[in-house]
Amino acid sequence: MQTEYLIAVDEFCAIHNIEISFISSLRQTGLIDIATIKQTGFINANQLDRLEKFVRFYYELDINVEGIETITHLLQRINAMQEENITLKNRLRLYETNE
């Protein structure tokens with residue numbers, strides 16, 4: 001059984017020196033999930049890499065939440081297309097080796 005590691009939103013914001021409203025905005029757009037336990041918000045540890053990337057986009061590159069949402073959507077589409085490309089190349093190799 002895998003144990004979930006949760007990080008309090010308050011602590012994450014304090015450590016990264018960011019506003020809790022930014023995390024709330026990401027939650028409202030569906031970019032991250034926040035678990036609420038006893039009226040305290042928690043972030044699952046497996047979302048940390050993604051959340052830290054969003055923090056860099058917002059605070060270092062001045063990209064708004066809508067821009068982050070668009071970038072995330074485009075990156076997901078690129079990844080899906082790359083996977084499809086690999087699948088098609090593998091299928092093509094199957095036919096090339098039979099000749």
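Please treat every number below as a calculation from the coordinates, not as lab data. Keep in mind that this is a model prediction, so the values were computed, not measured. Methodologically, a virtual Cβ is constructed for each residue, glycine included, from the backbone with ideal geometry; neighbour enumeration extends over all protein chains shown.
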With +1 on each Lys and Arg Cβ and -1 on each Asp and Glu Cβ, how big is the dipole of the chain about its Cα centre, in debye rounded to the nearest 20?
220
Of LEU51, ILE78, ALA8, which is farthest along the charge dipole of the chain in the positive direction, counting Lys and Arg as +1 and Asp and Glu as -1 at C-beta?
ILE78
For GLU19 and ASN46 in the same chain, what is the full-extension length gain: residue separation times 0.36 nm, less their Cα-Cα distance, in nm?
7.6 nm
Rounded to the nearest 10, the angle in degrees between the Cα long axis of helix 65-97 and the longest principal axis of the Cα atoms of the chain comes to 20
Loop only by DSSP, 12 or fewer other Cβ within 10 Å of the Cβ. Give me the trypsin sites (Lys or Arg not before Pro) in the range 15-78 that pass, ordered by residue number.
LYS38
In debye to the nearest 20, the charge dipole size for the range 23-72, taken about the Cα centre with +1 at each Lys and Arg Cβ and -1 at each Asp and Glu Cβ, equals 240
So I have [x] 46; [y] 54; [z] 36, and one of them is percent of Cα pairs over 19 Å apart calculated from this model. Which one is it?
[y]
At most 11 other Cβ within 10 Å, DSSP loop - chymotrypsin sites (Phe, Trp or Tyr not before Pro), the chain:
TYR5
If amide H atoms are built 1.01 Å from N in the plane of the peptide, which residues on other chains or at least 5 residues away come under 5 Å of the amide H of ILE63?
TYR58
